[in-house]
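The values are calculated or read from the model by the stated rules, or taken from the named source; none is laboratory data. Keep in mind that this is a model prediction, so the values were computed, not measured. Every residue, glycine as well, gets a Cβ built from its backbone with ideal geometry; the counts of neighbours run over all protein chains shown.
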Amino acid sequence: MGSTERTGLDSTGFSNRIALSADIPGVSPDKIGAIDRLLSVRQKPQSTSMPLCDFSSKFRSIDGTCNSKEQAQYGKAGTIFNRLLNSNQFYNDGVETIRKSQLTGSQLPSARLVSATVLNSDDTFLIHPKATLLPLLPKATLLSIQWGQFLGHDLSHTPSFSQRDGSSYDCCSTTIKDGNGTSSLHHPECLPIAIRSDDPIYSLLGSSQLTCMNFIRSAYGNNLDGTSPGMRSQINSVTHWIDASHVYGSTIEKANELRDTTSGRGRLKTSVDSNGRQMLPMGNSSYLSYKAGDFRVNQHPLLTLLHTVWLREHNRIAENLYRAAPGKADEFYYQHARRILIALMQHITYNEYLPVMIGPTLAARIMSPKNGYLKSGNPAIFTEFSTAVFRGGHSQLRSLIRIVEEDVNKVDRGLKFDLRVELPSLESESLEPPAEGARFMDQALHGLLQTPVQTVKSSLQDDLKTQIFKPKAEPFDLLSLNIQRGRDHGLPSYTKMLSYFDRNNVPSNFDELLPLIPEEAVAAMRSVYESVDDVDLYVAGQAEKPLPNAALGPTFAGIFAAQFLNLRRTDRFFYDHNVDGTTGFSSNQLAEIQKVSLARIICDNSDGTITRVQPKAFLAPEGSNRPVSCDNLSDLPGINFSKMLPL
């Protein structure tokens, strides 16, 4: 992995300035759909003017601007992704059509066929009382995977084309009526996934008549100066920084909507449930749902749970700042609490989460003092990371997650959280206690803290592949969608990505994959792909053998490391930088922030029944990491807010 360091940060010269265009070449405006509905992404009109910035401010902008002094719009919500490999050869026509076989020029195998053949399940993943769920990552907990999803929603969201009423296009309709009768035309941004009549899942379910899985392509944009990147470059509708945008929002309008300005103490809005608990503010839908900085907050209860923890943490910080320095304005407490919370989130990500995902050695290299601020760097998220690597956690899910009592040695009450339940049911149940006297939130946190996680691998339980968050009456395979999204976004093939890290050791045939990928997975790839150069990055990256003491294999770990190194080096506000002298944290403030762990955050923001947590929350509660009392401030220290003064 010696070449990983160069990926960090010689890769800052891609794409210059970024902005969104609503004009799609070759597509008439009436068929584009509601491009103007893409959250806050559209700029009307396009402009090359820079935002007004106060570069002496300690506080980040909400929309991601004014971080870089050299390009103030770097990192802004609504700008396009970056690429580690910036080549137009990853689209067949060099612009937008998905790539074809390098060997024959034929279409790549259906994403569903690849998912069913290569990313297949095996007998060890059957849901059975006596089944052994293998392989397991020996020390990591399921909380690490949930953190990955939570963090991922801070870093990226790619909007797709939709109809003007917000609904999806039906790309699987066999006919569309027009003025002359009936035709077989589809929306030009449709990219449906073929399902074979002998599909191993849908044929068994009596769904052999299903021949298609719906898929609509992602929206894309231009450079900030209005020029074309030359090929499709997809839009990130949230900020590109680790800045808790999923807590606070990526637009001023969303941030203001979430603030409680009546308290005068810089708080975020809350609702109070029937048990008197401080919860997220309520949404406007007919079923129970919550509002947060990111609209995906209600995707499932475990994600909502982490949003709730960090909402409470913001308000806890704001209240402590009010007590330490009374008499200030609401804006003072809000901005300082936000600044501290972002620093805590960065600290936990780099010092607790990264070592679990890529191993402690590589994580330490990212945090090395020699990797300081790079003022000319472009922070935009790498599409290889957001579209392939950060979707790898899908294979680490377990369909049944324990909802347990506090003591790790106690037998659980038999409650299970089933990820296979359809999404509306999950949202309506949300964080309400499942039984009288029960505390779903604390019990779910215990389950996340104690349940071991599976390694990223080339298989996923069939029930998860075809049922998790399943839309009603539609064929659905999460991993097929991930594969197709990679093709839509013009990801490099697996071998092209390998060449980025080591040009001298690129496999030329399937047999040469064996040192990296298990034999069974290689055989499966050989059966569906015509050439080793056709293999999708997402597919082979999932199948790689993990690095020692890590969840990811070498290629995914390399991309992961490059991404977080770039995020650290390009962020003028990164918590342990002090680039401008006046905008960074003082040494005393930084020392207080660096004391805090995710375990401490959980202790401070649970429903009150969590009294013991392992110090390293992403690792199993065993050995030297056995749970300790939340009252034990030597093992689980928190911020002494008097030492944060003066702010």
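Of note:
- From the list Arg259, Arg339, Arg316, the one residue that fits, being charged (D, E, K, R) and over 24 Å from Asn640 (Cβ atoms), is Arg259.
- In the range 616-626, the condition of being over 30 Å from Tyr538 (Cβ atoms), out of contact with any His (no Cβ under 8 Å at 6 or more places or on another chain), in contact (Cβ under 8 Å) with a residue 40 or more places away in the chain and among the small types (Gly, Ala, Ser) is met by no residue.
- Elements of type helices (runs of 4 or more DSSP H) contained in the range 485-556, each with 3 or more residues being under 15 Å from Ser115 (Cβ atoms): 519-528, 537-543
- Just so you know, in the range 295-344 the residues that are hydroxyl-bearing (Ser, Thr, Tyr) and in contact with a strand residue (DSSP E or B) (Cβ under 7 Å, 6 or more places away or on another chain) include one that is modelled with the lowest pLDDT, and it is Thr304.
- Among (1) aliphatic (A, V, I, L, M); (2) modelled with pLDDT under 90; (3) touching an Asp or Glu at 6+ places or on another chain (Cβ under 8 Å); (4) surrounded by 22 or more Cβ atoms within 10 Å (Cβ to Cβ) - the single one Met213 does not satisfy: (2)
- Scanning the range 293-344 for residues that are surrounded by fewer than 21 Cβ atoms within 10 Å (Cβ to Cβ), charged (D, E, K, R) and not in a helix (DSSP H, G or I) yields a total of 1.
- Conditions (1) farther than 24 Å from Thr239 by Cβ; (2) in a loop (DSSP other than H, G, I, E, B); (3) at pLDDT 95 or above: number failed by Pro379: (1)
- For the range 598-625, a tally of residues being of a type in the set (D, E, K, R) and not in a loop (DSSP other than H, G, I, E, B) returns 3.
- Residue match in the range 353-374 (condition: in a loop (DSSP other than H, G, I, E, B) and under 23 Å from Ala140 (Cβ atoms)): yes
- Inside the range 102-149, residues that are of a type in the set (A, V, I, L, M), surrounded by fewer than 17 Cβ atoms within 10 Å (Cβ to Cβ) and modelled with pLDDT of 90 or more make up a count of 1.
- Any hit, the range 242-255, residues being at pLDDT below 95, surrounded by fewer than 22 Cβ atoms within 10 Å (Cβ to Cβ) and not basic (Lys, Arg): no
- Taking the criterion of being crowded, with 19+ Cβ neighbours inside 10 Å and touching a Pro at 6+ places or on another chain (Cβ under 7 Å), the residues of the range 601-631 that qualify are Arg612, Val613, Gln614, Ala620, Pro621, Pro627.
- Ser634 vs. criteria surrounded by fewer than 18 Cβ atoms within 10 Å (Cβ to Cβ), free of Cβ contacts under 8 Å to residues at least 24 places away in the same chain and in a loop (DSSP other than H, G, I, E, B): yes
- Selection status of Ile201, surrounded by 21 or more Cβ atoms within 10 Å (Cβ to Cβ) and either over 30 Å from Val309 (Cα atoms) or not basic (Lys, Arg) (or both): no
- Subset of the range 530-551 [surrounded by fewer than 24 Cβ atoms within 10 Å (Cβ to Cβ), among the hydrophobic types (A, V, I, L, M, F, W, C) and in contact with a Gly (Cβ under 6 Å, 6 or more places away or on another chain)]: Leu547
- Any hit, the range 569-589, residues being under 19 Å from Ser386 (Cα atoms) and assigned to a helix (DSSP H, G or I): yes
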